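One structure is given here, and the rest of the page talks about it.
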Amino acid sequence: MNENDLDAASRPFSSPALHGSSAAQPAPAPGPPRLHLLALNPTDSVTEGFLPAAARLGLAVTLLTDQPDAHARAYGLRDDAQRGAARREGSQRGGAQPGEARRGEARRGEARRGEAQRSDGPQGDAPRGDAAHAPPPPFPALDIVPCDVRDFAEVISRIAADGRPQAVFTNSDHLQTQAALAAAYFGLPGKDWRAALRTKNKAELRRALAAAGPDAADPAWSADPVWSADPAWPADPVWSAELATGQDPATLAGLDAPYPCVVKPREGVASEDVVLVGDADELVRRSREIRARRPGAALVIEEFLEGELRTLETLGDGRTLHVLGAFRTELSPPPHFIEERLHLLPAPPPQPHTDQVLAQLRALGVGFGVCHTEYVVQGDRARLIEVNYRAIGDQCDLVLAELLGIPLFEYILRTHLGEPLPDDLGARTDGRVRMEYVMADRAGRLASAPPASVTERDGVRLDYRPLRGIGEEHPLHHTNRDFLGVLRATGTDQERIDAAVAEFLAAHRWEIV
């Protein structure tokens, strides 16, 4: 709760004495269930996925963030008074209803679209073309509260001041442990904070997988067919080493690493500062460069895993773990690892890799809520690169929900409300997608680029969205912050999809000067 919120007295647990009267006060009308959502910068996943889903579920939302102004802009709420008005109006009406528009609701023409899963805040692009005429998503009653969301104690304190919550949730890579600890504190459904920590901390992830095995596995999973079929797993762990906070990168010169190898931040995201190094000298040099950008950051040095890169998207409620889908990912050439395009693999995902990934997730304690896992295929082995205990980003989650034909974002929120998932999600299996990311190849100012557009022909729908505005100037990051736009191509025929993407790219030009 905002400590200056003058409307706080109307909430449950407020004392009549605070109103200057000892007379009995009428009981406040029950409001809609309240979701406490933790966020850093605005993202498409939250703006277009989770907030509209919360509205459809009739939830009010308290959004805790260290960037309140950025979220206010993203949702068309310009000041504290308007945010409070949006929350009060929704509470009085019993929460948002599908399709309802009200004061404080984000308008696509006004909002600044947030970059999906990026760390440098929202990028502005006013939608144009067909996309400008799309109806705005219904938003819930929304209260934006400033909070140091990286501090779990502060998160718990802020939530407690707001009254007892019904659910605590985040889709941020950086805030999973904080949200899990807060949910556990209030006795709410949520992820195991230990699993959230060990998946975020890449050094701990490697240690946990190396220590896992049939004897160390949870008894609930000891009969898993993967364990019995391959008792040697995971006797093939990924080699890794850690440069702890405060350690001098010069100590890496004597590391007995399997070159080439990969160095990256221990708690990094979105391939930022992830680089392939060829020898000890380059390892020390690259590590110093990363430390110059991230003073004191802990680093992980890992074996370079060659092979086809895939993802596995899962959703669980602690009882049932569903496989939502899998993508094949194409990366930029080394030494950097930027996702250039993704293809949805036909359902069901290929075996035996899927079962191996699921077994490793269970060994890590992952099985509640949504999870995005990346792994490399080496023969009949699935070797994990990283586990992101949140929904896949860069608009892939939005497309996945569309193709599966299920209320994916509602399902995710329902698990955090304590509701079990159905045994069968009823997802379609015939959809195909190609996500094509147009990237800057140099630093500079974007001088020309195509506008937003949506077209459909021969069973293929092309939805192009700019991610950088004309006139914006940026350095070259070697991450997804270099994306100029994203093309979402969907249909049921992969050849037609690929042909439509090639035609679109050939017909348009992106110029950086």
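The values are calculated or read from the model by the stated rules, or taken from the named source; none is laboratory data. This is a predicted model, so every value here is computed, not measured. Cβ coordinates were reconstructed from backbone atoms using ideal geometry, including for glycine residues, and neighbour counts include every protein chain displayed. Calculation scope for accessible area: heavy atoms of the full protein, side chains included, ligands and nucleic acids excluded. Shrake-Rupley method; radii C 1.70, N 1.55, O 1.52, S 1.80 Å.
Things to note:
- Those residues of segment 273-287 which are under 30 Å from LEU40 (Cα atoms) and either in contact with a Phe, Trp or Tyr (Cβ under 9 Å, 6 or more places away or on another chain) or surrounded by fewer than 20 Cβ atoms within 10 Å (Cβ to Cβ) (or both), in sequence order: VAL274, VAL275, LEU276
- Checking each residue in segment 479-498 for being open to solvent by 60 Å² or more (accessible area, probe 1.4 Å) and either of a type in the set (Val, Ile, Thr) or out of contact with any Asp or Glu (no Cβ under 6 Å at 6 or more places or on another chain) (or both) picks out THR492, ASP493, GLU495.
- Restricting attention to segment 303-329, the residues that are open to solvent by 40 Å² or more (accessible area, probe 1.4 Å) and under 23 Å from GLU282 (Cβ atoms) total 4.
- Number of positions in segment 330-365 that are part of a strand (DSSP E or B) and either buried (at least 19 other Cβ atoms within 10 Å of the Cβ) or in contact (Cβ under 8 Å) with a residue 60 or more places away in the chain (or both): 6
- Boolean, PRO265 is surrounded by fewer than 20 Cβ atoms within 10 Å (Cβ to Cβ) and either touching a Gly at 6+ places or on another chain (Cβ under 6 Å) or without any contact (Cβ under 8 Å) to a residue 24 or more places away in the chain (or both): no
- The sole residue among VAL366, VAL370, VAL300 that is modelled with pLDDT of 95 or more, over 21 Å from the mean Cα position of the chain (by Cα) and not hydroxyl-bearing (Ser, Thr, Tyr) is VAL300.
- Within segment 90-107, the presence of at least one residue that is at pLDDT below 50, part of a helix (DSSP H, G or I), of a type outside the set (Phe, Trp, Tyr) and open to solvent by less than 40 Å² (accessible area, probe 1.4 Å) is confirmed.
- Filter pass, PRO422 being over 27 Å from GLN494 (Cβ atoms), out of contact with any helix residue (DSSP H, G or I) (no Cβ under 8 Å at 6 or more places or on another chain), modelled with pLDDT of 95 or more and open to solvent by less than 60 Å² (accessible area, probe 1.4 Å): yes
- Within segment 303-317, tally of residues that are more than 22 Å from the chain's Cα centre (by Cα) and of a type in the set (Asp, Glu): 3
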